[in-house]
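Report on the structure given below.
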Amino acid sequence: MSVTQSITEVTSISKKAESIFSELDSLFPQLLDKSEKTSFHHLLSTIESLQASIASSKDSAALATFGEKYNPVFEKLNEKIEDLNSLDKMIAEIKEDSEQMELIALNAMVISVKSGEKGLAFSKITENLQRLSKDMFTYSDKLSAEEKQLLEDINNLKVIFSGILDAQKSIAAKDSECTNEMNSLVSKVTPAMEELRNEAGTIYPTIEQTRDSVHQNSTSILSSLQELSNTLRDAERYESTPDAQTRYIEKAKNLASTISNSMGRACQTFAGNWSEVIEILDKADGSRMDFEGRFLNRHAFGNDNIERSLESIINKFRIIINEFNKYYTVQKDLETTCQGITSKAKAIYSVFENLRPVMSRLHHVRILQQIEVSKNEAITSVQDSVTDMDNLINAANKSLDGMESVLESFIHDTSTMLSNFVLSIHKDNDEMTRLKADKETCYSDLTNGQSNLVTAIQNFTVFPNGFQNKCVQAQQNLQDFMRLNAEIGSISDSF
């Protein structure tokens, strides 16, 4: 090869080397730029955000103990039901007394009728007594009906409150399940993602080593190529002086050999570094596929799929919010029923108050009977009936006194107790309202996270877009550089 041809070859190699180094100088910063977020980062960010949202959500566990503070209310109600049982006995006694009085009155009337005109006054008095006995029976019957309705309302209250407790317990249980499921998901996904990130991250130090090596060699190689080109031009200039030309050619040969050795060492370094880069890329891609198969493939077996797990958590939050709505519906019934119990107790007392005048008139009729019997010898045979009537009226009056005591105590105690109960429920409702708003916010975060998750899963990548293509471009440039080494070696051999 002539000196002129060698100059042309060296110039071409120098330009190629400069182009290669220039392109690598442009590629390396792009490969080492970690500012661009990938779908991997979006997935990690989404999971961390969802965990934070659930972790910051108000704890519903306290709801499970709400029932404990209301147990005394129902224990007291049960005591009051016992009072109603005693009331029921008193009503039965009054009804029985009224039936007896009516029967006695009927017998007395028969006797008075047989006495003719002399028994007429007593007959009319007894007729009033019979009517009053019927009134007692009627009001007693009403008392029984009202009492029955009151007991039904109390039982309804227990059923309603049981529904409230069930809703609260369901909210607390589902909330706990959501937290546990999210923690379980995070405990599985986070280490796997951290491992994948660390594995992929090992590629950057290797690329940095390659970049540094290129920077260290590019200046000296380009400078040496320039010196070789100048030496060959000197040899061409001294073509007419063979000795001088020989010296420059020898110098050029030594330079070419040095450049070839330098480029050879650089190529070995580049090849070693880049084979490690490719190995990391392959390994990271395999790990990414394993991660996708375990966590991102909806059709894979197992319970680790992120999307399915999140759907399960979201469905539980839907149940939680529905339970809140159920709670509010049942709570309204509870307040109405509490008011109904108080109203029914007062209604019983109103019926009871109608018995007092009847009893007073019965006393009056009994006195009239005694007066009539004492002055009318024709009806002295009904004296025993009058005495029995007196005993029955006294017994009924005693029952009324007992009923009055029971009713007044029942109305006072239940009104106070249920008023306090309703106030306490209202306070709990305030807490439930705050808790529901918090759960709705968390539910919204979860549904938004679900949308972000779908975006992150689509075309899931660990490295930024185009990263692998840039690695391929860098590899091609390094391979081109290796070919230049062969070319510079052939120039050295041609001298």
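The values are calculated or read from the model by the stated rules, or taken from the named source; none is laboratory data. In this text the structure is predicted, and so the values were computed from the model without any measurement. In this analysis, Cβ positions are derived from the backbone assuming ideal geometry, glycine residues included, and neighbour counts consider all displayed protein chains. The area values use the complete protein model at the heavy-atom level, side chains included, leaving out ligands, DNA and RNA. Shrake-Rupley method; radii C 1.70, N 1.55, O 1.52, S 1.80 Å.
Scanning region 312-339 for residues that are surrounded by 15 or more Cβ atoms within 10 Å (Cβ to Cβ) and either charged (D, E, K, R) or not in a helix (DSSP H, G or I) (or both) gives 316, 323, 326, 333, 335.
Pairs are defined by a Cβ separation below 7 Å, a sequence spacing of at least 6 or placement on different chains, a first member in region 85-101 that is closer than 16 Å to residue 126 by Cα, and a second member that is at pLDDT below 85; the pairs so defined are 101/129; 101/389. Beta carbons closer than 8 Å, at least 6 apart along the sequence or on distinct chains, pair a first residue in region 144-156 that is under 13 Å from residue 342 (Cβ atoms) with a second that is surrounded by 16 or more Cβ atoms within 10 Å (Cβ to Cβ) and hydroxyl-bearing (Ser, Thr, Tyr) for 153/337. Considering region 287-307, and only residues there that are in a helix (DSSP H, G or I) and among the hydrophobic types (A, V, I, L, M, F, W, C), the residue that is most open to solvent (accessible area, probe 1.4 Å) turns out to be 289.
The residue that is nearest to residue 156 (Cα to Cα), among those in region 54-88 that are at pLDDT below 80, open to solvent by 30 Å² or more (accessible area, probe 1.4 Å) and in contact with a helix residue (DSSP H, G or I) (Cβ under 7 Å, 6 or more places away or on another chain), is 64. From the list 30, 5, the one residue that fits, being open to solvent by 80 Å² or more (accessible area, probe 1.4 Å) and touching a residue at least 12 places away in the same chain (Cβ under 8 Å), is 30. Among residues of region 465-481 that are of a type outside the set (Gly, Ala, Ser), those with a Cβ under 8 angstrom from a residue that is open to solvent by 70 Å² or more (accessible area, probe 1.4 Å), sequence gap 6+ or separate chain, pair up as 465/36; 470/30; 473/23; 477/23; 480/16. The conditions of being closer than 20 Å to residue 125 by Cβ and either crowded, with 20+ Cβ neighbours inside 10 Å or touching a residue at least 40 places away in the same chain (Cβ under 8 Å) (or both) are met by residue 368. Check whether at least one residue in region 12-35 is out of contact with any helix residue (DSSP H, G or I) (no Cβ under 9 Å at 6 or more places or on another chain) and not in a helix (DSSP H, G or I), and report yes or no. Checked against the condition, which is being out of contact with any helix residue (DSSP H, G or I) (no Cβ under 9 Å at 6 or more places or on another chain) and not in a helix (DSSP H, G or I), region 12-35 yields at least one hit.
Can you go through 409, 405, 424 and tell me which one is exposed (fewer than 15 other Cβ atoms within 10 Å of the Cβ), without any contact (Cβ under 8 Å) to a residue 12 or more places away in the chain, in a helix (DSSP H, G or I) and of a type outside the set (Val, Ile, Thr)?
Numbers: 409 fails: without any contact (Cβ under 8 Å) to a residue 12 or more places away in the chain; 424 fails: without any contact (Cβ under 8 Å) to a residue 12 or more places away in the chain.
Residue meeting the stated conditions: 405.
Within region 126-181, the set of residues being open to solvent by 10 Å² or more (accessible area, probe 1.4 Å), within 24 Å of residue 97 (Cα to Cα) and aliphatic (A, V, I, L, M) comprises 145 only. Of the residues in region 308-318, not one is among the aliphatic types (A, V, I, L, M) and within 30 Å of residue 84 (Cα to Cα). Right, residue 95: assigned to a helix (DSSP H, G or I), open to solvent by 20 Å² or more (accessible area, probe 1.4 Å), at pLDDT 80 or above and not hydrophobic (A, V, I, L, M, F, W, C) or not? Taking the combined requirement at face value, the residue satisfies it.
Sort out which residues of region 283-307 are small (Gly, Ala, Ser) and farther than 16 Å from residue 184 by Cα, and write them in order of number.
To start, the set of residues in region 283-307 that are small (Gly, Ala, Ser) comprises 284, 286-287, 293, 300, 302.
Across region 283-307, the qualifying residues are 284, 286, 287, 293, 300.
Within region 240-286, which residues are among the small types (Gly, Ala, Ser), open to solvent by 30 Å² or more (accessible area, probe 1.4 Å) and either outside any helix (DSSP H, G or I) or in contact (Cβ under 8 Å) with a residue 24 or more places away in the chain (or both)?
Looking only at region 240-286, we keep the residues that are among the small types (Gly, Ala, Ser), and these are 240, 244, 252, 256-257, 260, 262, 264, 266, 271-272, 275, 284, 286.
Among the residues that remain, those that are also open to solvent by 30 Å² or more (accessible area, probe 1.4 Å) are: 240, 257, 271-272, 275.
Correct list: 240, 257, 271.
Taking region 350-361 as the range and being open to solvent by 40 Å² or more (accessible area, probe 1.4 Å) and either in contact (Cβ under 8 Å) with a residue 12 or more places away in the chain or not polar (S, T, N, Q) (or both) as the test, the residues that pass are 353, 354, 356, 357, 361.
Only one entry of 447, 414, 455 meets the criterion of being assigned to a helix (DSSP H, G or I) and closer than 29 Å to residue 154 by Cβ, and that entry is 414.
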